Each structure stands twice: as C-alpha cells, then as structure tokens.
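Right, one structure below, let's go through it.
Readers should treat all values here as calculations from the given coordinates under stated rules, not as data from a laboratory. Values in this document were obtained by computation on a predicted structure and should not be read as measured data. Cβ sites come from the backbone with ideal geometry, for glycine too, and all protein chains shown count toward neighbours.
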Amino acid sequence: MTVTGFPTNPYKGTRDFYPEDLIKRDYIFDTWRQTLVELGFSQYETSLLENADIYIAKSGSELGGSQLYNFKDKGDRFVALRPEQTPSLARLVAARYKQLRFPLRWFSIPNCFRYERPQKGRLREHWQLNVDILGLEAGAAELELINVLASVYKAFGVDKNHFKLMYNHRRLLDDWLEDYDLTAHKELVYRVLDDWFKKSLDENISELRSPATRGNETDNSNSNEVGIADNDQIQALIELTSQTGPAFDKYLHLSQNYPEIDLLQKLTPKLHPTLEFELNPCIIRGIAYYTGFVVEAFDKHPGNPRALNGGGRYDNLMEIFDAPPTPAIGFGMGDVTMLSFLENWGLLEGCEQFENWALLRQPIRVGLLPKTPANLEKIYLDIIPNLRNLGKTWEIDYDYHRSPNKRYESMKKKGCAEVIEIF
Ligand code: HAM
C-alpha cells in the first residue's frame, strides 16, 4: 500500500534551515565561536540524549517538568532530550574532576528541546551558546563573565542603544526579604518578580496580594499560596521594583555585603563604556540551581521582548554527580532571540560585517557550460583542479540543448560570478 499525504511542515516549534537560513545561523555561530576562542575558551560537546532524572533533580519544575521531552528507551532507561546544557556540563566535569585543571573556561553550542507553547522568541528547539567558568571564586568569575558577554555583543556590532544587561543576586534578595519580614513569601515574590516586566503594575500587585490559581501546561504555582496582606510590605516591593525610595536604598545598602557586586559596579563602566549595565531586583531567573549572581540581557527593540541571554552562579550543581563543591558560573544565549535582535536592528543584511563574512563563507562560484558531454573530461581533469587551486567553486550546466544565452542567464541567477563556455 502506498502511503501519501504527509505534511511538509517541520515538527511543531522546530525550524527547517534552507541554505539561505543557514547562512544567517552560521554567521551567529561563527561569531560566537570566534569570540570565545579569542577569549581563550575551549569548545566541548555532549549528546542530545541525557538521563532525564538530572533535570528533574536540578533544573526546576519547568525545565525538569512540564517542558521536558522524556521517554523510556527499550532498555527501560528514563531518557530526555536536553532542555539545557548546564547539567551535562556538570556531568562531564565531575567525570574527570581529578584530571582537569581548574579554572575551566568552556563553551558549547548545543540544540535544546523544550515542550513550550511556540510563540515569538520561544520555540521547541533552539540552539544556545553556553559559556561557563568552573573553579573560579566569586568576583573574578563574575567580572570575566561580563567581559565575555560584552565581547560577544560587541562582535555583532551591538551597543547600549540596542540592549541592556541587568543583573541581580539571589542571596541579596533573600537578605532584603528577611529585612522586610517577607521570607515566608519568598516563592511568591520570586515568581512575581521573574514575570514583572511581562505584566502591568496592577496585575503584579494583585498577584502578590492574592496569588491566582492557574492551571495551564507550564504552570508551577502553588494553589495554596498565601498572599501578602500588609500594605507596607506591598509598598516596599513597589519601591524595590521601581528602583526608587527607601526600600530600594536598603537593597543598595545590603548589596555592599557582596564584594562581587561592588567589583562589577566599580569596574564595568570603565571596562565596557558602551554597555548599559544595571542592578535590577526583578532579575530572578526561572532555573532552580542558581545560588547567587544572576544576569539577563534585554533587547531594547519592542519587537523582541524576550531575554537574549540568561545565566548566573550555580555552586551546588556538581553535587548530584558526587563531585566536590565547585564554584561555577555561566550563561546561555539563544539563536532565536539573537536572530530577531540582529534583524530588527538591521545588524544583519546590509551590514558590512555580515556581508564580509558571507563573502568569505561563499567562495566565488564559476559557471561551466560544456558544449557536449565529451567536454566533461576536460572539466574534471583540468578546469576543476585549477579552480580549486584558486579557491573558487563551480557549477556545471548540463542543459546542452538550450541556447548559450539562456544557459548563461541561468548560471547568473544561481549566483555564479563568472560563466565560461567549454569547447
Ligand atoms: P535559559 O535562560 O533557560 O538558561 O536559556 C538561555 C537562553 O536561551 C535564553 O535567554 C533564550 O535566549 C534562549 N532560550 C531558552 N529557551 C528558549 C526557547 N524555548 N526558544 C528559544 N530560545 C530559548 C539556561 O538554559 C541555562 N542553562 C544557561 C546557563 C548556562 N546558566 C549557566 N550556564
């Protein structure tokens, strides 16, 4: 029986890359790779398939729950398509812990799968530059990480007109919550702050006062959560999030207990004058394993409201592989948001940097028009080796029966810079 009628579209939330799409994606990957190699980072790779339990244990209820692609294999193993790279990195490092020379500066560009509702900036498959530094103490590591982020954006011709980098510190926020007697509401505050920019002030306040019971597929709220009734506490949270008033001043005061924040505040404006860099209490990050410093970047273009990158410090992740506690910090930067970012700001097509790269990637193509099949011998024996020596590529036109003019035009349309008739 012949089976027909299969749809030609890709699986929901994934993309096909036609050659012209790959040119853009490769530009992003090559720019990432080149910058990281220049900064002394080494590339590594792992399999797309991982033990599903490591995400359940460490990635939190979204990545390790509602968004996890998982299945039982034929050997009854519980397997996942990786939703992120960080737990695989921790596994690699733990496996060779004694042989490795710390600090490690590693990067990778994996594809990740998340069972999300596909929408602008969010797909079910995306590629993610992952940059991580392991074995370097707080302070120096944060400074290096910001230097990497600044260098990556600079390599794309991006500056503070296009995006801003915002950072925070989870332990600092915890100190502040304790000061305002809000520790009991930590989960609620974390969740509302994490979504702060996506909602109006009124919506955020009403969520803080009476957390809604929600039940969609990515929901991780606790339906029994108790809201914040005290008006002074709500007022403090408003001040904190709007970065004005005594409650925010208190936050800045408490931040002095964290030398890594002090170091960043002192040095970043000097080292990266074209970077907008701000301490923002609303940067929380959804992933469960972050232990301190957290960072995200936001596109200033209204057409791309998603985070361009996200990361932070995760000092306890290695423990699931029985490795000693190891200071670790890193970030992930997605290709979907990066592509919209560059396109929206006109930093791709028409941009000299990109055009130059594309020219290097696509050597001059020469169209060869043999008169008859007998000319193929000469083409393969003489002409092609010569073209290869010159660093050029070729395309042979086999439509012997068409007029030379038509054959010439068709080669030009295929992008051949030169066309040669072969007799
Ligand atoms: P993340 O914030 O979940 O962090 O992802 C990092 C970046 O990947 C996001 O800022 C976004 O650009 C992109 N991204 C994430 N999910 C999607 C999606 N569904 N569609 C398109 N793009 C997406 C992590 O994954 C951490 N493991 C990063 C990290 C590395 N932390 C420390 N080291």
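For the chain, treating each Cα as an identical point scatterer without solvent, what Debye log10 I(q)/I(0) comes out at q = 0.05, 0.09, 0.11 1/Å?
Treating every Cα as an identical point scatterer, log10 I(q)/I(0) equals -0.24, -0.68, -0.94.
I want the local charge near residue 285. Using Cβ-Cβ distances under 13 Å, sum +1 for each Lys or Arg and -1 for each Asp or Glu among the other residues.
-2
Taking θ as phi - 60°, what are the ³J(HN,Hα) couplings along region 278-288 by the Karplus curve (6.51, -1.76, 1.60), each to the nearest whole Hz, with x for Gly and Pro?
After applying 6.51 cos²θ - 1.76 cosθ + 1.60, I find 9, 7, 10, x, 7, 7, 10, 6, x, 6, 6 Hz.
Would you mind ranking 338, 333, 1 so that the residue whose beta carbon has the fewest other beta carbons within 10 Å leads the list? Walk me through the numbers before you get to the answer.
On the way: 338 27, 333 24, 1 2.
Listed from fewest to most nearby Cβ atoms, that is 1, 333, 338.
Multiply the residue gap between residue 376 and residue 353 by 0.36 nm, knock off their C-alpha separation, and tell me the result in nm, one decimal place.
This chain segment gains 4.4 nm when fully extended.
Under the rule of -39500 (n - 2.57) per DSSP H run of 4 or more residues, summed and divided by the residues of the chain, what mean residue ellipticity at 222 nm is obtained, to the nearest 500 deg cm²/dmol?
Details: 14 runs with 152 residues, N = 423.
Calculated from helices alone, the mean residue ellipticity at 222 nm is -11000 deg cm²/dmol.
Treat region 151-295 as a sphere of radius equal to its Kirkwood radius over Cα pairs and apply Stokes-Einstein at 4 °C in a medium of 1.567 mPa s; give the translational diffusion coefficient in µm²/s, rounded to a whole number.
78
Gain in length, residue 96 to residue 197, computed as 0.36 nm per residue apart minus the alpha-carbon separation, to one decimal in nm?
So the extension gain works out to 32.2 nm.
How much net charge surrounds residue 254 when only other residues with a Cβ under 13 Å from its Cβ are counted (Lys, Arg +1; Asp, Glu -1)? Could the numbers behind the result be given before it?
On the way: positive: 170, 171, 250; negative: 174, 175, 178, 179, 249, 262.
Net of charged neighbours comes to -3.
When the Cα atoms of region 286-368 are enclosed in a convex hull and the volume is divided per residue, what value in Å³ results?
175
Going Cα to Cα from residue 98, which lysines come in below 24 Å? Please leave out same-chain ones fewer than 8 positions away.
Counting by Cα, and skipping residues close in sequence, residue 98 has these lysines nearby: 58.
Quote the FRET efficiency, to the nearest 0.05, computed for residue 225 versus residue 389 with a Förster distance R0 of 56 Å and r equal to the Cβ-Cβ distance.
Result of the calculation: an efficiency of 0.20.
Taking the Cβ of each residue in 234, 284 as the centre, tally the other Cβ atoms inside 10 Å and list the residues starting with the fewest.
With the sparsest Cβ surroundings first, the list reads 234, 284.
Can you tell me the 0 to 90 degree angle between the C-alpha axis of helix 259-271 and the longest principal axis of the chain, rounded to 10?
Value to nearest ten degrees: 40.
Taking neighbour counts of Cβ atoms within 10 Å as a proxy for exposure, in what order, fewest first, do 392, 120, 98, 413 appear?
Final ranking by Cβ density, sparse to dense: 98, 413, 120, 392.
Could you tell me how many degrees, from 0 to 90 and to the nearest 10, lie between the Cα long axis of helix 86-95 and the main elongation axis, the longest principal axis, of the Cα atoms of the chain?
The answer is roughly 90 degrees.
Of the options 93, 113, 6, report the single residue whose Cα projects farthest towards the positive end of the charge dipole of region 1-118 (beta-carbon charges: Lys, Arg +1; Asp, Glu -1).
The residue sitting farthest along the positive end of the dipole is 93.
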